[in-house]
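Worksheet for the structure shown next.
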Amino acid sequence: MKNARPFFEQRRERRGFLRAGLAAAAVSGGLAGCDALSSNETAVAALRSAERLSDTVHRALGRRAMAQEFSPADIAPTFRPNGTTMPVGESYAAMLANRFADWRLTVDGLVVKPLELSLAQLQAMPSRTQITRHDCVEGWSCIGQWKGVRLSHVLNLAQLQPGAKYVVFHCLDRMQEDDEGSLYYGSVDLDDAFHEQTILAWELNGKPLPVENGAPLRARIERQLGYKQPKYLRRVQVVAHFGDIGAGSGGYWEDQGYNWYGGI
Ligand SMILES: Nc1nc2c(c(=O)[nH]1)N[C@H]1C(S)=C(S)[C@@H](COP(=O)(O)O)O[C@H]1N2
Ligand SMILES: [Mo]
C-alpha cells in the first residue's frame, strides 16, 4: 500500500516518478475514482505529443480551444491529491485553524492597482463552475468539478501594465520536509491566464477546497498538465519575464527540468 509508507519515502518516490514521467504510468494502480492513463491510449498519446510539441506548434493547433468539460456522472468520488497534501509550518496550520479568515491573495507586479483579496472577497466575485479532467505526468487522471473566479476577472480588476507577459503563481508550501526548501511556484503566459477556463478555485465537487487539493485557493489552468495547477496560492505576480524568480525556469518542477509549456 503506497499510502502506508512513510511520508518522506512517498515524497522521494514521487519525485522519482515525476522525473521518470510517463514511464511511471504503468505503476500507478489502485487509484480510487481516478483512471490510470496507461489504460487510455488516447490520453497517453496526447501526453506524449504534448512533450514533443513546441509551444509554437501547439498554438498553431488551436491553443485557444476549450478543454473538454464532463458531466456530473463523470466526477470521481475522491479527487486524488498529489504533491504537497499539507503544507509544513505553523503559519499554514494557524490559517487553517482560523478557516483562512486571515489569508490574503496578493496580486501585484506589472499591474496598475495591486490587490490584497480575502477569500470572502474572491467568493463574492462572479464565478465559473467546470467539470474537467486533470492529467498528471505520473500517469493518472481524475475528473472533478471546480468553482472559482476567472483569473481574467481578477487581472482586469488589477489592470495589467504594458509589458506584462506572464503570470507567476506563488504558493504557500515548501517542497522539502524542513522549513528551508523552495516554495512551490509556477507560471503561465497571458493566453492561458486569460483563457475562459482558467480560474482561481475555492470549491471542489461542491465543497470547500480540501487541504490536500490546495485550500484555500488553487489555480485551474485546464489545458495544462497537473504540475501547472498551483495549489495553496498566496500571490499572483504579473511579470515581463521570470528568469529572476526561483532557479529561473518559471516553476518549481520546471526548475527540476520539466517543460515550461505543459499543454495538453
Ligand atoms: N503548491 C503546489 N501545487 C501543486 C503541487 C504541489 O506539490 N504544490 N503539485 C502539482 C502536481 S504535480 C499535481 S498532479 C497537482 C495535484 O493536484 P491535486 O493534489 O489536487 O490532485 O497539483 C500541482 N500543484
Ligand atoms: Mo502531477
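Of all residues in region 205-221, those satisfying the criterion of being within 10 Å of LYS147 (Cα to Cα) and surrounded by fewer than 22 Cβ atoms within 10 Å (Cβ to Cβ) are ASN205, GLY206, LYS207, PRO208.
One line per residue, one yes/no per condition, for (1) crowded, with 22+ Cβ neighbours inside 10 Å; (2) on the phi < 0 side of the Ramachandran plot; (3) in contact (Cβ under 8 Å) with a residue 40 or more places away in the chain; (4) within 15 Å of ligand 2 (Cβ to nearest atom):
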residue	(1), (2), (3), (4)
TYR232	yes, no, yes, yes
ARG235	no, yes, yes, no
ALA240	no, yes, yes, no
ILE245	no, yes, yes, no
GLY248	no, no, no, no
ILE264	no, yes, yes, yes
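Mind checking which residues of region 79-96 are of a type outside the set (A, V, I, L, M, F, W, C) and within 16 Å of ligand 2 (Cβ to nearest atom)?
Residues of region 79-96 that are of a type outside the set (A, V, I, L, M, F, W, C), as a first pass: 80-85, 87, 89-92.
Once the filter is applied, which keeps residues that are of a type outside the set (A, V, I, L, M, F, W, C) and within 16 Å of ligand 2 (Cβ to nearest atom), region 79-96 yields ARG80, PRO81, ASN82, GLY83, THR84, THR85.
Residues in region 97-146 that are part of a loop (DSSP other than H, G, I, E, B) and within 16 Å of ligand 2 (Cβ to nearest atom): VAL137, GLU138, GLY139. None of SER141, SER118, SER152 is in contact (Cβ under 8 Å) with a residue 24 or more places away in the chain, touching a Phe, Trp or Tyr at 6+ places or on another chain (Cβ under 8 Å) and not basic (Lys, Arg) except SER152.
Here is a check on your reading of the model: is ALA124 farther than 17 Å from TRP202 by Cβ and either away from ligand 1 (no atom under 13 Å from the Cβ) or surrounded by fewer than 17 Cβ atoms within 10 Å (Cβ to Cβ) (or both)? Criteria not met by ALA124. Within region 228-264, if we keep just the residues that are among the aliphatic types (A, V, I, L, M) and part of a loop (DSSP other than H, G, I, E, B), the residue that is nearest to ligand 1 (Cβ to nearest atom) turns out to be ILE264.
Screening LEU217 with (1) in contact with a Lys or Arg (Cβ under 6 Å, 6 or more places away or on another chain); (2) under 27 Å from ASN98 (Cα atoms) gives one miss only, at (1).
Which of the following residues is in contact with a strand residue (DSSP E or B) (Cβ under 9 Å, 6 or more places away or on another chain) and of a type in the set (A, V, I, L, M, F, W, C): VAL238, VAL211? Show your work before the answer.
Numbers: VAL211 fails: in contact with a strand residue (DSSP E or B) (Cβ under 9 Å, 6 or more places away or on another chain).
One residue alone meets the criteria, VAL238.
We did not get these values from a lab; they are worked out from the coordinates using the rules stated. This one's a predicted model, so the numbers in the text were calculated from it and none came from an experiment. When we count neighbours, we look across all protein chains shown, and the Cβ atoms used for this are built from the backbone with ideal geometry, even at glycine.
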